[in-house]
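The values are calculated or read from the model by the stated rules, or taken from the named source; none is laboratory data. Values in this document were obtained by computation on a predicted structure and should not be read as measured data. Glycine gets a Cβ as well: all are built from the backbone with ideal geometry, and neighbour counts include every protein chain shown.
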């Protein structure tokens with residue numbers, strides 16, 4: 001087990017900061033392009049906890065009617081923490097990302113209570129190949145997507161930090177999650193999110209054209225076991241780029257648009 005872990009950590013160091021082979025080439029700087037072709041998952045690689053890279057357990061991620069879906073209708077028995085991530089096959093550093101999403105249906109049987117109407121967009125992340133077999137989430141910065149329950153306030157495009165930290169108001173922010181100032185989105189309405197990413201300098205979460213959360217200096221958490229092993233393998237502490245992935249966390253979610261625009265550094 002220890003040997004496997006060291007191998008996985010070494011791979012993480014090799015893959016975290018270097019581009020993977022892309023199935024489709026992103027257009028020139030300044031032009032919005034779609035990372036999703038509307039027909040299939042070409043150009044994407046998935047990793048589900050407990051399964052090998054590329055194994056689409058119970059057809060969790062699929063394309064139907066022109067949208068990417070994370071669903072659990074073919075699962076037999078409870079969810080059992082089978083968190084999943086769908087990675088685009090190229091890494092990025094300075095860009096704008098625009099994603100349109102919505103929550104639908106009922107949560108998978110046995111999924112954790114906190115994961116109701118919960119998903120995420122992971123940025124500055126490690127590669128799927130570098131994740132351990134039973135790793136829950138990639139080391140990354142998570143733009144957390146939440147849906148309302150029909151009654152209570154529940155912000156979306158929040159921040160969560162699996163294996164990472166950020167700086168807010170010139171102070172290191174160490175709590176795992178931080179709410180944005182967005183309004184609540186109830187029901188199955190489509191919601192458009194924009195993320196402004198400028199390497200290690202600044203990341204802004206936007207919704208309806210308004211910045212609802214901003215932070216700087218994304219970095220590896222020196223107290224996190226996986227991140228610490230990564231640092232010991234020679235990785236840089238400060239995160240300037242990485243993978244983009246979409247999350248399956250136990251509640252059905254759909255992504256209708258995933259668009260990216262490269263920008264000047």
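Do we find that residue 240 is farther than 18 Å from residue 144 by Cα, modelled with pLDDT of 95 or more and either in contact with a helix residue (DSSP H, G or I) (Cβ under 7 Å, 6 or more places away or on another chain) or not in a strand (DSSP E or B) (or both) in this structure?
Values: farther than 18 Å from residue 144 by Cα: yes; modelled with pLDDT of 95 or more: yes; either in contact with a helix residue (DSSP H, G or I) (Cβ under 7 Å, 6 or more places away or on another chain) or not in a strand (DSSP E or B) (or both): yes.
The answer is yes for residue 240.
Among residues that are surrounded by fewer than 18 Cβ atoms within 10 Å (Cβ to Cβ) and at pLDDT 95 or above, residue 29 is not included.
If you take the residues of the stretch 204-217 that are out of contact with any strand residue (DSSP E or B) (no Cβ under 6 Å at 6 or more places or on another chain) and either in contact (Cβ under 8 Å) with a residue 60 or more places away in the chain or assigned to a loop (DSSP other than H, G, I, E, B) (or both), which of them is surrounded by the most Cβ atoms within 10 Å (Cβ to Cβ)?
The initial filter retains those residues of the stretch 204-217 that are out of contact with any strand residue (DSSP E or B) (no Cβ under 6 Å at 6 or more places or on another chain), namely 208-210.
Retained after the next criterion (residues that are either in contact (Cβ under 8 Å) with a residue 60 or more places away in the chain or assigned to a loop (DSSP other than H, G, I, E, B) (or both)): 208-209.
On the way: 208: 11, 209: 7.
The selected residue is 208.
Close contacts from the stretch 63-88, counting a first residue that is at positive phi and free of Cβ contacts under 8 Å to residues at least 40 places away in the same chain and a second that is surrounded by 12 or more Cβ atoms within 10 Å (Cβ to Cβ) and assigned to a loop (DSSP other than H, G, I, E, B), with Cβ to Cβ under 7 Å and a gap of 6+ residues or different chains, come to 80/110. Only one of the numbered conditions (1) crowded, with 17+ Cβ neighbours inside 10 Å; (2) more than 21 Å from residue 189 (Cα to Cα); (3) in contact with a helix residue (DSSP H, G or I) (Cβ under 8 Å, 6 or more places away or on another chain) is not met by residue 107, and that is (2). The test for being touching a residue at least 40 places away in the same chain (Cβ under 8 Å) and buried (at least 17 other Cβ atoms within 10 Å of the Cβ) does not hold for residue 168.
Criterion applied to 112, 128, 138 was being within 11 Å of the chain's Cα centre (by Cα) and farther than 23 Å from residue 190 by Cα, and the one residue passing it is 138. The residues listed here are 246, 230; of these, the one that is touching a helix residue (DSSP H, G or I) at 6+ places or on another chain (Cβ under 9 Å) and outside any loop (DSSP other than H, G, I, E, B) is 230.
Inside the stretch 182-203, can you point out the residues that are more than 24 Å from residue 154 (Cβ to Cβ) and in a strand (DSSP E or B)?
Taking the stretch 182-203 first, the residues more than 24 Å from residue 154 (Cβ to Cβ) are 197-202.
Once the filter is applied, which keeps residues that are more than 24 Å from residue 154 (Cβ to Cβ) and in a strand (DSSP E or B), the stretch 182-203 yields 197, 198, 202.
Taking residues in the stretch 225-253 that are in contact (Cβ under 8 Å) with a residue 40 or more places away in the chain and on the phi > 0 side of the Ramachandran plot, and partners anywhere that are part of a helix (DSSP H, G or I) and surrounded by fewer than 23 Cβ atoms within 10 Å (Cβ to Cβ), the pairs with Cβ atoms closer than 9 Å and at least 6 places apart or on different chains are 234/13; 250/115. Only one of the numbered conditions (1) over 23 Å from residue 201 (Cα atoms); (2) out of contact with any helix residue (DSSP H, G or I) (no Cβ under 8 Å at 6 or more places or on another chain); (3) surrounded by fewer than 24 Cβ atoms within 10 Å (Cβ to Cβ) is not met by residue 119, and that is (3).
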